[in-house]
1. Between helix 206-217 and the chain, what is the angle of the helix's C-alpha long axis to the longest principal axis, kept within 0 to 90° and rounded to the nearest 10?
2. Please list, by residue number, every one of the chymotrypsin sites (Phe, Trp or Tyr not before Pro) in segment 7-40 that is coil in DSSP and has at most 16 other beta-carbon atoms within 10 Å.
3. Given the options Gln215, His203, Leu251, identify the residue whose Cα lies farthest towards the positive end of the charge dipole of segment 173-279 (+1 on Cβ of Lys, Arg; -1 on Cβ of Asp, Glu).
4. State the volume of the convex hull built on the alpha-carbon positions of the chain, expressed per residue in Å³ and rounded to an integer.
5. When the convex hull of the C-alpha atoms of segment 1-125 is computed, what volume per residue in Å³ does it have?
6. For the pair Thr60 and Tyr115, what calculated FRET efficiency results from E = 1/(1 + (r/R0)^6), where r is the Cβ-Cβ distance and R0 = 45 Å, to the nearest 0.05?
7. How about segment 163-230: which trypsin sites (Lys or Arg not before Pro) there are in a DSSP loop, with at most 11 other Cβ atoms within 10 Å of their Cβ?
8. Do any GluC sites (Glu not before Pro) in segment 1-101 lie in a loop, going by DSSP, with at most 14 other beta-carbon atoms within 10 Å of their beta carbon, and if so which?
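Coordinate-derived values only; no laboratory data. Computed from a prediction, not measured in an experiment: that's the story for all the values here. Positions of Cβ are generated from backbone atoms using ideal geometry, with glycine treated the same way; all protein chains shown enter the neighbour counts.
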Amino acid sequence: MTTVQLESYHLPMVNEANYLEDPNGEFIHPNRKLSDLHVFIFIQSGEIEVVEDKTTYTLTAGDYLFLHKGIKHWGTKPYQPNTSWYYIHFFASTPSQTSEFNWTPSPPIISKETYQKVITLPKTGHMEQVDYISAKLSQLIDQQNSGPLRQSLSCYELFLDLYQQEKKTRQKPQVEAIVKHVTQLCQASDSKIASEEFSQKLHLNYPYISTVFKQATGKTISQYQNELMIERAITLFNQTDYNITEVSEMLDCANPFYFSRVFKKVTGISPSSYLKQRYHQ
């Protein structure tokens with residue numbers, strides 16, 4: 001297993017978290033199989049060797065490793081002198097979903113399906129900001145008196161930091177630049193932008209722009225523009241007394257029926273239902 005998948009809508013439930021040091025290089029990673037617990041290890045200094053299912057991992061400062069529940073792991077040699085590390089033992093259910101969560105701005109109204117995803121973390125990786133991650137882990141340990149839910153929330157936030165870093169590392173500079181340019185163009189326009197304009201502004205063919213954007217964000221450019229349009233519609237509904245037809249016209253929609261269809265697709269409810277909810281608040 002080269003990755004770890006967690007349900008995006010469930011907290012990893014902390015069983016134990018701690019910080020350890022081995023100044024003399026005497027420890028060897030324990031030989032064990034934890035049937036219900038995953039293990040997360042982060043190395044603050046020194047070097048640790050861990051073997052899992054015939055794969056040997058040599059971890060140095062800034063490295064992290066997830067060990068899967070139900071798979072035996074062990075060490076074969078002592079840690080390097082002056083090694084220090086953090087660990088978290090946590091419960092996590094096997095994901096029932098397969099669709100990957102995409103780290104993109106939230107739509108104006110978030111549907112339940114948005115959360116029913118998985119986040120995929122690399123089994124092992126490296127964080128340049130050793131002090132930052134160490135501080136987060138130290139804070140997590142200090143929250144023991146605040147109860148398991150507070151610790152589990154901090155654990156989830158830490159894993160999301162790792163997830164974001166991995167996404168940024170894998171994303172090529174050109175891809176990042178294209179996504180940034182597309183989002184800026186969409187946000188600066190009061191109406192939908194045609195494919196030809198994207199091509200002219202970015203000096204690239206639209207199929208390539210569209211493919212890159214979808215792969216990076218998990219949504220099409222059209223979907224993103226629709227979300228921005230509905231976000232503006234909700235702002236108008238909340239700040240004015242304009243009706244659906246008037247708002248539709250202000251947003252340059254083809255007609256109110258098209259606007260209503262897009263509104264429901266983005267938010268899960270019709271604009272008329274949204275207005276009824278607002279009036280009854």
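1. Tilt of helix 206-217: around 50 degrees.
2. Numbers: sites: Tyr9, Tyr19, Phe27, Phe40; in loops: Tyr9, Phe27.
Those that pass, being in a loop and sparsely packed, are Tyr9, Phe27.
3. Of Gln215, His203, Leu251, it is Gln215.
4. Measuring per residue, one finds 165 Å³ for the Cα hull of the chain.
5. Value for segment 1-125: 112 Å³ per residue.
6. On the way: r = 36 Å, r/R0 = 0.80.
So, using R0 = 45 Å, E works out to roughly 0.80.
7. Qualifying residues, ordered by number: none.
8. Qualifying residues, ordered by number: Glu26.
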